[in-house]
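Here the structure is laid out as structure tokens; the discussion comes afterwards.
The values are calculated or read from the model by the stated rules, or taken from the named source; none is laboratory data. Just so you know, these numbers come straight off a predicted model, no measurement behind them. Every residue, glycine as well, gets a Cβ built from its backbone with ideal geometry; the counts of neighbours run over all protein chains shown. What goes into the accessible areas is simple: the full protein's heavy atoms, side chains included, and nothing from ligands, DNA or RNA. Shrake-Rupley method; radii C 1.70, N 1.55, O 1.52, S 1.80 Å.
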Amino acid sequence: MDKKNSECHVIVVTSGKGGVGKTTTVANVSTSLAKMGYRVAVMDLDIGLKKLDLILGLENRVIYDIVQVIEGECTLKQALVRDKRFPELHMLPAAQTRNKDEITPEQVKDLCSQMRPDFDFVLIDCPAGIEQGFRNAIAAADQALVVTNPEVSAVRDADRIIGMLESAGFQDIKLIVNRIRPDMVRHGDMLSIEDLIEHLCIDLLGVVPEDRNVVVSTNRGEPIILNDRSSAALAFNNIARRIIGEEVEFPTFQDDSFWDRLRGLGRNLFSGR
Amino acid sequence: MLDFIKKIYTRDESSSRNQANNRLRVVLSHDRLNLTPETLNSLKEDIIVVIANHLDIDGSPEVRLITEGRNTALDISIPVKGR
């Protein structure tokens, strides 16, 4: 993908259910894209319950918010927070003391068209739910990423969201499965990736395994993608690479039972690595 | 429905993963149509009554939901008596 002349992609990250990892996905995928040199803006539309600034570690740099931009109290440029660690990454913060129905889908569309010329990607962090906040978040997007967890309640909500995205005319809807535990799947105690695809019938963009490192990174306000020993980091980087059109194989997650790991260790020792 | 019952008995039903899959199959097909199991049942009965008003039904009629991808169809199979 040509960084300079390609058109901007506006991607909404949504899920229906709360707590499945939308904001973590937005934060890490956008950081990964910015690290590769793409000009990225993230837009937090969870007005009243903002989290993206905190997950990205940018909470102390916020001056203005999206509602102030829309109401003309400041310019878009003034409100965009630039991440010093990743100069290509910019965040438009949500307002914390306002309401989701204080902005309209048209206003979000308008903001996005102002941002399109300056960015390769705009990622929109959609609030949980199917009400006004959801409608605002999907209004300007060209593609949608649906994040779900391998559990019945998250899958049911994801299915409802996919139905709503389809009725809104979305052609490009892809699935991200977050917090999967391959050991539990193998023991028949968790829905597998294949199960989820069978139920939801959309293309898979990424699989993020459960990883304690995510909690640690979130505590510190650092992106997980910088941790090269984290399996979640690899997964988020792979998602970013698939978004820019690279073919990246899906890991099979076969190697993480105790015995498999021991076997893998033996192999590595004897092959002299 | 028959397929559904078959599925239940041919798989290892005790695993929680299979239970989740079976529960999701039912819930999602009803969610997508905004249809409760009771409504589906009374729909079945109504369809059979309408057909029976015009034709003689032979054997056991079947009315069920089938899904292909994200699309759901009503599969109606009603054998009728010839002259």
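Computed quantities for the displayed model
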{"item": "Rg and Dmax [Cα atoms of the range B:2-77; Å; Rg one decimal, Dmax integer]", "result": "14.9, 47"}
{"item": "Interface A:B - total buried accessible surface [probe 1.4 Å, Å², rounded to 100]", "result": "1400 Å²"}
{"item": "Carbon plus sulfur fraction of accessible area for the range B:2-77, probe 1.4 Å, in percent", "result": "51 percent"}
{"item": "Drop in accessible area of at least 10 Å² in the complex versus isolated chain, residues of the range B:56-83, 1.4 Å probe", "result": "B:Gly69, B:Arg70"}
{"item": "Long-range HN-HN contacts of A:Ile180 with modeled amide H, under 5 Å", "result": "A:Val208, A:Glu210"}
{"item": "In sequence order, calculated HN-Hα J values of the range A:22-33 (Karplus, 6.51, -1.76, 1.60; Hz; x Gly/Pro)", "result": "4, 5, 4, 5, 4, 4, 7, 5, 5, 5, 5, 5"}
{"item": "The range A:101-163: radius of gyration and largest Cα-Cα distance (Dmax), Å", "result": "13.2, 40"}
{"item": "For chain A: relative contact order, % (alpha-carbon pairs under 8 angstrom, 6 or more apart)", "result": "23 percent"}
{"item": "³J(HN,Hα) computed for each position of the range A:40-55 - Karplus, 6.51 cos²θ - 1.76 cosθ + 1.60, integer Hz, glycine/proline x", "result": "10, 10, 10, 10, 8, 9, 7, 5, x, 9, 6, 9, 4, 4, 6, 5"}
{"item": "Probe 1.4 Å, all protein chains present, accessible-area order of A:Thr97, A:Thr252, A:Thr75, A:Thr24, largest first", "result": "A:Thr97, A:Thr252, A:Thr75, A:Thr24"}
{"item": "Sorted largest first, extent of the range A:1-158 alpha carbons per principal axis (Å)", "result": "41, 35, 29"}
{"item": "Links that overshoot a 18 Å alpha carbon limit, given the list A:Lys50/A:Lys77; A:Lys51/A:Lys100; A:Lys22/A:Lys174; A:Lys51/A:Lys77; A:Lys100/A:Lys174", "result": "A:Lys50/A:Lys77; A:Lys51/A:Lys77; A:Lys100/A:Lys174"}
{"item": "Values of log10 I(q)/I(0), in the order q = 0.14, 0.15, 0.16 Å⁻¹, for chain A under a Debye, Cα-only, solvent-free model", "result": "-0.96, -1.10, -1.24"}
{"item": "Cα centre as origin, Lys/Arg/Asp/Glu Cβ charges: the protein assembly as shown dipole, Debye", "result": "940 debye"}
{"item": "Percentage relative contact order, the range B:2-77, counting C-alpha pairs under 8 Å, at least six apart", "result": "18 percent"}
{"item": "From phi via Karplus (6.51, -1.76, 1.60), per-residue ³J(HN,Hα) for the range B:50-57 in Hz, x at Gly/Pro", "result": "4, 5, 5, 5, 10, 9, 8, 7"}
{"item": "Accessible area (Å², 1.4 Å probe, nearest 10) - B:Ser77", "result": "60 Å²"}
{"item": "Exposure of A:Cys126 as accessible area (Å², to 10), given a probe of 1.4 Å and all protein chains", "result": "0 Å²"}
{"item": "The range A:9-270 - percent of accessible surface contributed by carbon and sulfur, probe 1.4 Å", "result": "49 percent"}
{"item": "Solvent-accessible heavy-atom area per residue, rounded to whole Å², over the range A:9-270 at 1.4 Å", "result": "46 Å²"}
{"item": "DSSP bridge pairs, chain A: antiparallel proportion in percent, nearest 5", "result": "5 percent"}
{"item": "MRE, 222 nm, helices only [DSSP H, n ≥ 4, -39500 (n - 2.57), over the protein assembly as shown, to nearest 500]", "result": "-13000 deg cm²/dmol"}
{"item": "1.4 Å probe, heavy atoms, protein only - residues of the range B:25-44 losing at least 50 Å² accessible area vs chain alone", "result": "B:Leu28"}
